[in-house]
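Just so it is clear, none of the values below were taken in a lab; they were calculated from the coordinates. Quick caveat: nothing in here was measured; it's all calculated off a predicted structure. Positions of Cβ are generated from backbone atoms using ideal geometry, with glycine treated the same way; all protein chains shown enter the neighbour counts.
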Amino acid sequence: MELAQVRLLVSDFPACYRFYAEVLGLKPQSGATGGPYEKFSPVTGSAGIALQDRAMMARMLGELGDSVSGHRSLVVLRVDDLDAYCAQITSRGATLLHEPAPMTDRMRAAHLKDPEGNLVELQEWLLLRG
């Protein structure tokens, strides 16, 4: 397993994009200034910070809404075989919010919560960037 990123759920994606790219000087992965997703990388290291449009994640989970009083972040863990990993963790007591499903054309994901209610995303990359 590898920590892929810490993702911040944001309502004003363009303002947050400018902050991480222009103010903090992190390198954006794709240049998607309007969202709904962008990953920023430090000069060194493999994990990064990502922004995710709250409304998109709310539609996927059916619970976040547009209010900033809800979840603001989630831990993202990348696994090689999402179905097998989900089977392992559910056998150990984890409760998935939804079964593994496509999130984008390049990734499948499943979500669960830790005991404090923090969101955890498990992701399997289908296509790697060349």
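Couple of notes before you dig in:
- With kT/(6 pi eta Rh) evaluated at 4 °C and eta = 1.567 mPa s, and Rh the Kirkwood radius from Cα pairs, the range 2-125 diffuses with a coefficient of 86 µm²/s according to Stokes-Einstein.
- Label point distance in nm, GLN29-ALA87, each placed 7 Å from Cα along Cα→Cβ: 2.8
- Applying 1/(1 + (r/R0)^6) with R0 = 25 Å to the Cβ-Cβ distance of ASP114 and SER11 gives a FRET efficiency near 0.60.
- Sequence of HIS98, HIS111 once ranked by neighbouring C-beta atoms within 10 Å, starting from the fewest: HIS98, HIS111
- Within the range 2-125, antiparallel bridges make up roughly 70 percent of the DSSP beta bridges whose residues both belong there.
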